[in-house]
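Asks: Please read through the structure below; I'll follow up with questions.
Please treat every number below as a calculation from the coordinates, not as lab data. Predicted model only: the values in this text are computed from it and were never measured. FYI the Cβ positions are ideal-geometry reconstructions off the backbone, even for glycines, and counts take in every protein chain you see.
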Amino acid sequence: MQLRRSATALILAAVIGIGGLSACSGGSDAVTAVAPSDAVAVMAEPGVAVLDVRTPAEFATGHLAGAVNVDLEGGEFDQQIADLPKDTTYVVYCRSGNRSGVATKQLAELGFTDVYDIQGGIVAWQAGGGAVVTD
């Protein structure tokens, strides 16, 4: 019985400790996963920037209106995001959500404080009836 209580206390302490560490990291609080339908409301707010982290070729085939292409895998991503203001709200997407997850994590680690990641990317956006443009 005593062993069971000790084991339970140890597990509880570990879980609380791990949770406390992740809360202190700051990264997870800065990024909010958002469904495409909910992203519409976020993007309607004044001053919100939309970042498409796909390749320029993918961007050219269609992107969200007003989006800026910042290719995650293009070799200049770190430099391009370093020049962005950290206190702006950003909505980030890619094709399916994988690259935007990597990008939003990097943004949070660099001190960006208000970042939204469109879950399912542009594929989910279009499946939900969202419009894309080609300029």
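Asks: Quick check: net charge around residue 118, other residues with Cβ under 13 Å of its Cβ, Lys/Arg +1 and Asp/Glu -1?
Replies: Once positives and negatives cancel, what remains is 0.
Asks: If I model a spin label as a point 7 Å beyond the Cα along the Cα-Cβ vector, how far apart are those points for residue 65 and residue 110 in nm?
Replies: About 2.8 nm, to one decimal.
Asks: Once you put a point 7 Å from the Cα of residue 132 and another 7 Å from the Cα of residue 88, both along the Cβ direction, what distance in nm separates them?
Replies: Calculated label separation equals 2.3 nm.
Asks: Now for a different question. Which value in Å does the Kirkwood hydrodynamic radius of region 22-132 take, with 1/r averaged over all unlike C-alpha pairs and then inverted?
Replies: Kirkwood hydrodynamic radius for region 22-132: 13.7 Å.
Asks: So, one more: Going by amide H atoms built from the backbone, whose H comes under 5 Å of the H on residue 32, apart from near neighbours?
Replies: 115, 116, 117
Asks: Related question: Taking the beta-carbon count within 10 Å as an exposure proxy, list 52, 135 from fewest neighbours to most.
Replies: 135, 52
Asks: Still on this model: Do any trypsin sites (Lys or Arg not before Pro) in region 20-123 lie in a loop, going by DSSP, with at most 15 other beta-carbon atoms within 10 Å of their beta carbon, and if so which?
Replies: Here the trypsin sites (Lys or Arg not before Pro) that fit, given the DSSP loop and packing criteria, are 86.
Asks: Same structure, new question: Within 15 Å, Cβ to Cβ, of residue 78, how many net charges do the neighbouring residues add up to if Lys/Arg are +1 and Asp/Glu are -1?
Replies: Computed value for this residue: -2.
Asks: Under 5 Å between amide H atoms, partner at least 5 residues away or on a different chain: which partners does residue 68 have, H built in plane at 1.01 Å?
Replies: 50, 51, 52
Asks: In a shell of Cβ-Cβ distance under 11 Å around residue 32, excluding residue 32 itself, what net charge do Lys and Arg (+1) and Asp and Glu (-1) give?
Replies: -4
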